[in-house]
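Taking it in order: structure first as structure tokens, then the write-up.
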Amino acid sequence: MMSAKILVVDDELDIRELIQEILSDEGYNVTAAASAAEARSARAEQDFDLILLDIWMPETDGITLLKEWSDNDQLNSAVVMMSGHGTVDTAIESTHLGASNFVEKPLSIAKLLRTIEDALTERKPKGSYAKVGNAASFVSIGHSELLKKFRKELRQAAALDSALMLIGEAGTARTAFARYIHDISQRAINPCIELASAMLTTTNTEEQILGKENGTEIIPGFIEQAEEGTLIINGLSDLNSRAQQLLHNILENGQYNRINGSSSLQIKARVIAIVDEGYIQDMQDGRLKRELISNISIQTLRVLPLRDHAEDVPDFINFYVDYFVEIERLTFRRFSIGAQNRLRNYPWPDNLRELKNIIRRLLIEGRDDDVSLDEVEDQLKNQEVTINSFVKQDLLSLPLREAREKFEQAYLQQQLILCDGKVGQLAKRVGVERTHLYRKLKALGINLDTKIEAKNTN
């Protein structure tokens, strides 16, 4: 594996040379710059995995340079700020602008190396899988004005600390955007915990959310696990009534009690809730508590469906091709201009998730170096057949929750057959963690043995 490329930007020669020597000895590929102008030139010549950026520099300071890169969507590297005169406000500001961390001068070599290692692990740049392996790099994909505006809104949301509601269609990578907000906020060094409806049952709801005390033993719930960090609630409308009521009470009062707990605890987690476009109907039907929405929707942000920024489809094609080549070791294939244009003009009812799955199949099933227009057409026809089969089940006549359940059941059954009954493959294919998927399959009444038998009899 190639060593990480690091750009050191500092106007002090002694510090610059010392850092360059230390990092080179550690096996990193290091480039040094004495000013913002030199840093710009260095980045114009090559991409870097990480930038060590001094704040106090003549002419253009580090914060101004970082803001310049951030505003122009050029922040595709991890950034660690350095300063001998740093303040808490300065550190927070740099984090809001996209910096991974902040180190103080005089530098501790051990701390510097540890910070660099953490930054490279958590936020790697475009050009290797690291670019597709974290939320920050994923969010950087796309060049449309709509996405640029959306990225700005994400940064603004990260600068605040109140509850946030992310609204959007399924398959639009809402969870990735929620994690990105956490990653660039002042809470980034603390946990980001995800709560999904599949994790809760009617018997464990209170313990899972509130936590429990057994004598001296403390079992933290989701609220406490996310302390000083972020709690992402995925699928607010799908939470059972008790869970919704508990969350409302916690947000309303700002405190909670563990089961068997003797004292109240302050909520210290920021809550980001993911809801579907039809959440208003869910409220009207009584499936979603209005009072909970009132507490969570202090900020709201709408995630764009893919069809609204179709000009970004080629960028996402490249992104997912890199992903599958690197992670699943699939054979690289080029998408012809005709293939790309056809995908740009497809309506994407299941958004990015659908695009990702189609690209995966095209890489698996293709034999030529290039993906042809005919191959794309065949894949899209298969999509239409699947969608039409769902529509024939009169889903449109059902209440939203019941229609969603039937769709999920049919969708997972079909995907399970395509995966030969292997839940591990299914989890990767549909983008759901395996433990959650088992619970979902059980809740939908999908018998794994039955599905495998169905496959073998066809």
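Observations, loosely collected:
- Residue within segment 262-278 that is within 28 Å of Asn345 (Cβ to Cβ), of a type in the set (D, E, K, R), surrounded by 14 or more Cβ atoms within 10 Å (Cβ to Cβ) and not assigned by TED's automatic domain parsing to the domain that holds Lys356 present: yes
- Of Tyr256, Tyr180, all but one fail to be surrounded by fewer than 22 Cβ atoms within 10 Å (Cβ to Cβ), of a type in the set (Phe, Trp, Tyr) and in contact (Cβ under 8 Å) with a residue 12 or more places away in the chain; the exception is Tyr256.
- Tally, over segment 210-220, of residues that are surrounded by fewer than 21 Cβ atoms within 10 Å (Cβ to Cβ) and either among the aliphatic types (A, V, I, L, M) or modelled with pLDDT of 90 or more (or both): 5
- Identity of the residue in segment 270-282, at pLDDT 90 or above and not β-branched (Val, Ile, Thr), that ends up nearest to the chain's Cα centre (by Cα): Ala273
- Scanning segment 230-243 for residues that are part of a loop (DSSP other than H, G, I, E, B) and either closer than 10 Å to Thr205 by Cα or in contact with a Phe, Trp or Tyr (Cβ under 6 Å, 6 or more places away or on another chain) (or both) gives Leu239, Asn240.
- Taken over segment 91-113, residues that are in a helix (DSSP H, G or I) and modelled with pLDDT of 75 or more amount to 4.
- The test for being surrounded by fewer than 21 Cβ atoms within 10 Å (Cβ to Cβ) and within 24 Å of Gln281 (Cα to Cα) holds for Gln245.
- Selected residue (criterion: farthest from the chain's Cα centre (by Cα)) from residues of segment 223-238 that are at pLDDT 90 or above and closer than 15 Å to Ala163 by Cβ: Ile223
- Flag: Arg287 matches the condition of being assigned to a loop (DSSP other than H, G, I, E, B), assigned by TED's automatic domain parsing to the domain that holds Arg179 and more than 19 Å from Cys192 (Cα to Cα).
- Selection status of Ala163, closer than 16 Å to Leu231 by Cα and modelled with pLDDT of 90 or more: yes
- Against the list (1) under 24 Å from Gly171 (Cβ atoms); (2) part of a loop (DSSP other than H, G, I, E, B), the condition Glu227 fails is (1).
- Restricted to segment 381-430, and to residues there that are in a loop (DSSP other than H, G, I, E, B) and crowded, with 16+ Cβ neighbours inside 10 Å, the residue that is modelled with the highest pLDDT is Gly421.
- In segment 76-90, the residues that are touching a strand residue (DSSP E or B) at 6+ places or on another chain (Cβ under 6 Å), among the small types (Gly, Ala, Ser) and modelled with pLDDT of 75 or more: Ser77, Ala78
- Candidates in segment 58-70 are the residues that are in a helix (DSSP H, G or I) and either loosely packed, with under 15 Cβ neighbours inside 10 Å or charged (D, E, K, R) (or both); of these, the one that is modelled with the highest pLDDT is Thr64.
- Note on segment 114-141: residues that are at pLDDT 65 or above and surrounded by fewer than 17 Cβ atoms within 10 Å (Cβ to Cβ) amount to 4.
- Scan segment 190-248 for residues that are hydroxyl-bearing (Ser, Thr, Tyr) and touching a strand residue (DSSP E or B) at 6+ places or on another chain (Cβ under 9 Å) and the total you get is 3.
- Test for Thr172: is it surrounded by fewer than 21 Cβ atoms within 10 Å (Cβ to Cβ), of a type in the set (S, T, N, Q) and either farther than 12 Å from Ile232 by Cβ or under 16 Å from the mean Cα position of the chain (by Cα) (or both): no
The values are calculated or read from the model by the stated rules, or taken from the named source; none is laboratory data. Just so it is clear, the structure is predicted and the values come from calculations on it, not from any experiment. Backbone-built Cβ (ideal geometry, glycine too); neighbour counts: all protein chains shown.
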